[in-house]
Amino acid sequence: MLSLCNLEEHCRRPIEHLSRGLRQRLGFAQAIIHDPPLLIFDEPGSGLDPNQIMDFRKLIRELGKTKTIVLSTHILNEVEALCSRILILNKGRMLIEGTKKEILESLGMNSEEHSLEDIFARLTKEGDE
């Protein structure tokens, strides 16, 4: 786990002396150490620097080959970079689910012109009206 999460050089440091990003990586290691079939990550990129985010994405893609991973985040570019299926929730209610392409098609939006931010804004603003 230390190697997989790139924590080898920090393994003897007390947790309270670790940066937020290192604590996040330690949390990943704790989550996967028992090889669970399902992993749920809430805002996993929080506190990570750009290099750590790239390492995290690589790890998630690798784990996703053999595990179900649920990623809860407001960072929609993370969703686009990592997720094969998307579920958009607002106020505890599921608004839409599918691949980005399926969602765009169901909303009549051109995939070349619209991002997940556009989709989210459209769906949540409609719900507020």
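For the subset of the range 53-106 comprising residues that are among the polar types (S, T, N, Q) and in a helix (DSSP H, G or I), which member is farthest from the chain's Cα centre (by Cα)?
Result: SER106.
Residue-by-condition table, conditions (1) surrounded by 15 or more Cβ atoms within 10 Å (Cβ to Cβ); (2) touching a strand residue (DSSP E or B) at 6+ places or on another chain (Cβ under 8 Å); (3) β-branched (Val, Ile, Thr):
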| site | (1), (2), (3) |
| --- | --- |
| ILE88 | yes, yes, yes |
| LYS100 | yes, yes, no |
| GLU105 | no, no, no |
| ILE119 | yes, yes, yes |
| LEU123 | yes, yes, no |
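For the range 47-74, which positions are small (Gly, Ala, Ser) and loosely packed, with under 13 Cβ neighbours inside 10 Å? Don't jump to the end; show me each part of the working.
Just the residues of the range 47-74 that are small (Gly, Ala, Ser), to begin with: 47, 64, 72.
Result: SER72, single match.
Name the one entry in GLY21, GLY92, GLY98, GLY108 that is small (Gly, Ala, Ser) and not assigned by TED's automatic domain parsing to the domain that holds LYS125.
GLY21
Pairs only if they're at least six apart or on different chains, beta carbon under 7 angstrom, first in the range 22-48 and under 24 Å from LEU76 (Cβ atoms), second in a helix (DSSP H, G or I) and of a type in the set (Asp, Glu); list them, first residue then second.
Note: pairs meeting the criteria are GLY45/GLU78.
The values are calculated or read from the model by the stated rules, or taken from the named source; none is laboratory data. Quick caveat, the model's predicted, so the values are computed rather than measured. Backbone-built Cβ (ideal geometry, glycine too); neighbour counts: all protein chains shown.
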